[in-house]
Amino acid sequence: MEFGELREAIEKMELVDGHAHNIVSVDTTFPFINSFSEATGDALSFTPHSLSFKRNLREISELYGSESSLDAVEEYRRLSGLQAISLKCFKAAGISAVLIDDGLKLDEMHDIEWHRSLVPFAGRILRIERLAEQILDGLHIKVVLDINPNVTTKMLKKVFLKFYVVYLDFGLAVPKLSVHGMISLVKEFLEVAPINKVMISTDGYAVLETYYLGAKKACGVIFSVLCDACIDGDLHVAEATEAAKGIFGRNAIEFYKINAGLKFSDLKASSTPCFDVENAVDTGASFVRSIWVDAPGQYRYRVRFLFLSINKL
Ligand SMILES: [Zn+2]
C-alpha cells in the first residue's frame, strides 16, 4: 500500500483552526515555559521532565535553527522580534483560518484584529464558561453546561448516538501529550465518533509556537492514525485522504458555518466572523470538547469533559 500520496496530501492541507486564543505582546508577563505546560507554581519545575516538553522544545529549535534548550530558544525569540517569529510559525503551521476564544484572559494580549495580519481569516468564538455565567434572557436561549470529570469512551459513544449535531475537537491533547498518547487518543475518538464530526484545533495560546506545534503534530498524528486505518482494512487510501480533509478543515467549516461554499484557501480576511449565539441556535449545534488536564507538570489521562448544548427556550 502506498502512503506517500497520503502524507503529501496531509502536509499540503491548510488547517482551519477552530479553537485558539490570543497572542500576547513582547511586554507580557506570560512565562515562555507555560507554552509547553499549563502547570503553575512548584509543579512547573517538573515540566522539563515530560516527554512532550522534550519533543516540543526540540521541534521549535529545529524550526529556528537554534540549540535545543529553553535559553537558546528564548534568546532567538528576543533577537528576532514578535513579527518575524509570528510569520515563521504561521507559515510553517499552514493555518488558513483561526477562530479565537478571547475569553481566556492573558497579560498584554493582542486583539483579534491584530491576528488578521498573520492569517487570511480570524474570527471570534464565544467562551462558553463565560456565556454560562451571564444572564441570557435577552437572547432567548438556554445554556446547559455539564462538566463531568469522569467521562469514559462509553459515555462519548452515547453522546454521538443520542445527538445528530455533535462535534468532537481534540486540540490541546495534540501537541501536549506524548506521541503514543496523541495517537491513541485520536484512534479512540475515531472509534466513537463519525469521521465527519471530528476536528482538530491547535488550542494555541499566548505564543506563536503553540500554534505551530499544534498544527505540526496534527499532521503527523493524523497521518499515522489514518495509515493504520488503511493497514487494518478500515479505509482505502482515497477515503483516508477525504477523512483528513474533513478533520483539518471541512468539519470545522461546517460546524462554525464559516463562509459555506468557499474552499479553505478562498477564506478572506474580510469575511464575516462565524460563530455567534444566533448561529448556534439556528444550527442546533452541540459541541463536545475533551481536554487532557495537566497534573503536576505532566499530562495524564485525566479528562475534563465539557458538554454544551444551546437550545431555544
Ligand atoms: Zn482553549
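The values are calculated or read from the model by the stated rules, or taken from the named source; none is laboratory data. These figures come from a predicted structure and were not determined experimentally. Note: ideal-geometry Cβ built from the backbone for every residue, glycine included; neighbour counts use all protein chains shown.
When the residues of region 198-222 are filtered to those that are more than 18 Å from Lys54 (Cα to Cα) and β-branched (Val, Ile, Thr), which remaining residue is farthest from the chain's Cα centre (by Cα)?
Filtering region 198-222 for residues that are more than 18 Å from Lys54 (Cα to Cα) and β-branched (Val, Ile, Thr), the one farthest from the chain's Cα centre (by Cα) comes out as Ile222.
Do you know which residues across region 180-221 are of a type in the set (Ser, Thr, Tyr) and farther than 27 Å from Phe163 by Cα?
Once the filter is applied, which keeps residues that are of a type in the set (Ser, Thr, Tyr) and farther than 27 Å from Phe163 by Cα, region 180-221 yields Tyr205, Thr210, Tyr211, Tyr212.
Given (1) buried (at least 17 other Cβ atoms within 10 Å of the Cβ); (2) in a helix (DSSP H, G or I), where does Val16 come up short, assuming only one miss?
Looking at each condition in turn, Val16 falls short on (2).
Hey, any hits in region 142-156 for a residue that's part of a helix (DSSP H, G or I) and either modelled with pLDDT of 85 or more or crowded, with 16+ Cβ neighbours inside 10 Å (or both)?
Yes, because at least one residue in region 142-156 is part of a helix (DSSP H, G or I) and either modelled with pLDDT of 85 or more or crowded, with 16+ Cβ neighbours inside 10 Å (or both).
Would you say Leu235 is at pLDDT 90 or above, farther than 16 Å from Glu14 by Cα and away from the ligand (no atom under 16 Å from the Cβ)?
yes
Which one of the conditions (1) modelled with pLDDT under 85; (2) part of a strand (DSSP E or B); (3) more than 16 Å from the ligand (Cβ to nearest atom) does Ser96 fail to meet, given that it meets all the rest?
That leaves (1) as the condition not met.
Which of the residues belonging to region 64-76 are in contact with a Leu (Cβ under 9 Å, 6 or more places away or on another chain) and in contact (Cβ under 8 Å) with a residue 40 or more places away in the chain?
Val73
Against the conditions (1) more than 16 Å from the ligand (Cβ to nearest atom); (2) surrounded by 15 or more Cβ atoms within 10 Å (Cβ to Cβ), where does Asn34 fall short? Just the number, please.
All conditions pass for Asn34, except number (1).
What about Asn56, is it within 16 Å of the ligand (Cβ to nearest atom), in a helix (DSSP H, G or I) and modelled with pLDDT of 85 or more?
Considered against the rule, which asks whether it is within 16 Å of the ligand (Cβ to nearest atom), in a helix (DSSP H, G or I) and modelled with pLDDT of 85 or more, Asn56 comes out as no.
Given the conditions (1) away from the ligand (no atom under 16 Å from the Cβ); (2) part of a loop (DSSP other than H, G, I, E, B), which single one is not true for Ile247?
Tallying (1) away from the ligand (no atom under 16 Å from the Cβ); (2) part of a loop (DSSP other than H, G, I, E, B), Ile247 fails exactly one: (2).
Test of understanding: among Tyr76, Tyr164, which residue is modelled with pLDDT of 85 or more, away from the ligand (no atom under 16 Å from the Cβ) and not in a strand (DSSP E or B)?
Matching residue, one of Tyr76, Tyr164: Tyr76.
Tell me, which residue of region 37-87 that is of a type in the set (Phe, Trp, Tyr) and in contact with a Ser or Thr (Cβ under 7 Å, 6 or more places away or on another chain) is surrounded by the fewest Cβ atoms within 10 Å (Cβ to Cβ)?
Of everything passing the filter in region 37-87, Tyr76 is surrounded by the fewest Cβ atoms within 10 Å (Cβ to Cβ).
Residues in region 220-229: is at least one surrounded by 24 or more Cβ atoms within 10 Å (Cβ to Cβ) and within 16 Å of the ligand (Cβ to nearest atom)?
no
Residue by residue through region 173-210, note down the ones that are under 24 Å from Glu254 (Cβ atoms), within 14 Å of the ligand (Cβ to nearest atom) and in contact with a Phe, Trp or Tyr (Cβ under 7 Å, 6 or more places away or on another chain).
Ala173, Met199, Ile200, Thr202, Gly204
Taking into account only those residues within region 19-31 that are assigned to a loop (DSSP other than H, G, I, E, B) and over 19 Å from Ala218 (Cα atoms), which is nearest to the ligand (Cβ to nearest atom)?
My answer is Asn22.
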